[in-house]
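Report on the structure given below.
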Amino acid sequence: MAVITISRQVAALGDEIASALAKEIGYTFIGRKDIEARIIELGFPAEKLKKYDEKKPGFFASLAKDRDEYLDYLQLAILEAAAKDNCILIGRGAFVILETLPNHLAVRFVANDAIRTERLKTEFAWDEKQAKQRITESAANRAGFHKSFFNVDNTDSTHYHLVLNTGMLGIEDSVKILKNLKDVAITPEKEAEGKKKLQDLLSAQRLVNKLVFEYNLNINFLHAVISGDTLVLQGVADSSALVEKAMSVAQKVFPDLTVQSAISVVQDFKAYP
């Protein structure tokens, strides 16, 4: 089992290469629409999705509780998809969400502006101005999305195992390189470690969503971490009663784990206006 995540500039052939790679190595390609559909299926309102999905939230949207709820649903959708084994995920900060997995490969596709401009002009019958505007808007949206939700620079090459220039490499050569990288980098040991780690991440996120959406516990920035036989809850609450309730639910869900709290209690804390 391996998980490959794709980050890409617009018109850098990200979807095309991901689809061709999935076919070549027998993996499932999970695209933007698949993740969007799962987020909505999990409970996030479809009409609110456009405010957050791979773009920087507007000022008021960034202060709304919907923002944090979107992130909880997004993380769960990405982790669920990765748990299906042997898949390729594109966009939506998947490379950040899955970065601690030993069996994860993060790849980014880039190309110079002139080549991407010509690709957009050809694909959409746009003029030069429209194509360049699309490139600028896309870069700003993706940068804002990753900064707002994950506090990372998506253009920083140190987040990726490999960055490919698709202005110089075509789809076929890119697929060959990535297939070889997977075969070399993902060992059976990493696969086993990654599978266990992924199950812990998924279980922890399911607990967070249960506490937030089923029990309606108003604990801001709630996060759960499973390490060995210990589960730690993190976040900010305005009362000890909320913390105790969260601990009680967590212990019932995970009776075999030692549940600890790292939730800060701040009286009158208000994360949203």
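Taking every residue in region 33-54 that is farther than 14 Å from Glu80 by Cβ and pairing it with any residue that is outside any helix (DSSP H, G or I) and basic (Lys, Arg), at least 6 positions away or on another chain, the pairs with Cβ-Cβ distances below 8 Å are Asp53/Arg92; Glu54/Arg92. Within the option set Asp153, Asp173, Asp127, being open to solvent by 10 Å² or more (accessible area, probe 1.4 Å), of a type in the set (Asp, Glu) and within 27 Å of Val225 (Cα to Cα) holds for one residue only, Asp153. Could you tell me whether region 17-25 includes any residue that is open to solvent by 30 Å² or more (accessible area, probe 1.4 Å), assigned to a helix (DSSP H, G or I) and free of Cβ contacts under 8 Å to residues at least 60 places away in the same chain? Yes - at least one qualifying residue is present in region 17-25. Within region 105-137, being among the small types (Gly, Ala, Ser) and within 25 Å of Ala82 (Cβ to Cβ) holds for one residue alone: Ala106.
One line per residue, one yes/no per condition, for (1) of a type in the set (Phe, Trp, Tyr); (2) free of Cβ contacts under 8 Å to residues at least 60 places away in the same chain; (3) over 21 Å from Ser19 (Cα atoms):
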| position | (1), (2), (3) |
| --- | --- |
| Lys129 | no, yes, yes |
| Lys132 | no, yes, yes |
| Ser148 | no, no, yes |
| Leu169 | no, yes, no |
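Scanning region 7-19 for residues that are of a type outside the set (D, E, K, R) and over 11 Å from Asn154 (Cα atoms) yields Val10, Ala11, Ala12, Leu13, Gly14, Ile17, Ala18, Ser19.
When Val225, Val243 are screened for being assigned to a helix (DSSP H, G or I), more than 22 Å from Gly43 (Cα to Cα) and either of a type in the set (Gly, Ala, Ser) or in contact with a strand residue (DSSP E or B) (Cβ under 7 Å, 6 or more places away or on another chain) (or both), only Val243 passes. Annotation: of all residues in region 188-218 being hydrophobic (A, V, I, L, M, F, W, C) and open to solvent by 10 Å² or more (accessible area, probe 1.4 Å), the one that is farthest from Val3 (Cα to Cα) is Leu217. Against the test of being modelled with pLDDT under 95 and farther than 27 Å from Ala20 by Cβ, the options Ser239, Ser203 yield a single qualifying residue, Ser239.
Taken over region 27-48, the criterion of being in a helix (DSSP H, G or I) and either farther than 22 Å from Ala2 by Cα or not basic (Lys, Arg) (or both) is satisfied by Asp34, Ile35, Glu36, Ala37, Ile39, Ile40, Glu41, Leu42, Ala46, Glu47, Lys48.
Taking residues in region 104-121 that are at pLDDT 95 or above, and partners anywhere that are among the aromatic types (Phe, Trp, Tyr) and assigned to a helix (DSSP H, G or I), the pairs with Cβ atoms closer than 6 Å and at least 6 places apart or on different chains are Ala106/Phe95. I'd like to check something: does region 228-239 contain any residue that is assigned to a loop (DSSP other than H, G, I, E, B) and surrounded by 12 or more Cβ atoms within 10 Å (Cβ to Cβ)? Yes, region 228-239 contains a residue that is assigned to a loop (DSSP other than H, G, I, E, B) and surrounded by 12 or more Cβ atoms within 10 Å (Cβ to Cβ).
The values are calculated or read from the model by the stated rules, or taken from the named source; none is laboratory data. It should be emphasised that the depicted structure is a prediction, and the values quoted were computed from it without experimental measurement. Virtual Cβ from ideal backbone geometry, glycine too; neighbours counted across all protein chains shown. Side chains are part of the model used for accessible areas, which takes the heavy atoms of the whole protein and leaves out ligands, DNA and RNA. Shrake-Rupley method; radii C 1.70, N 1.55, O 1.52, S 1.80 Å.
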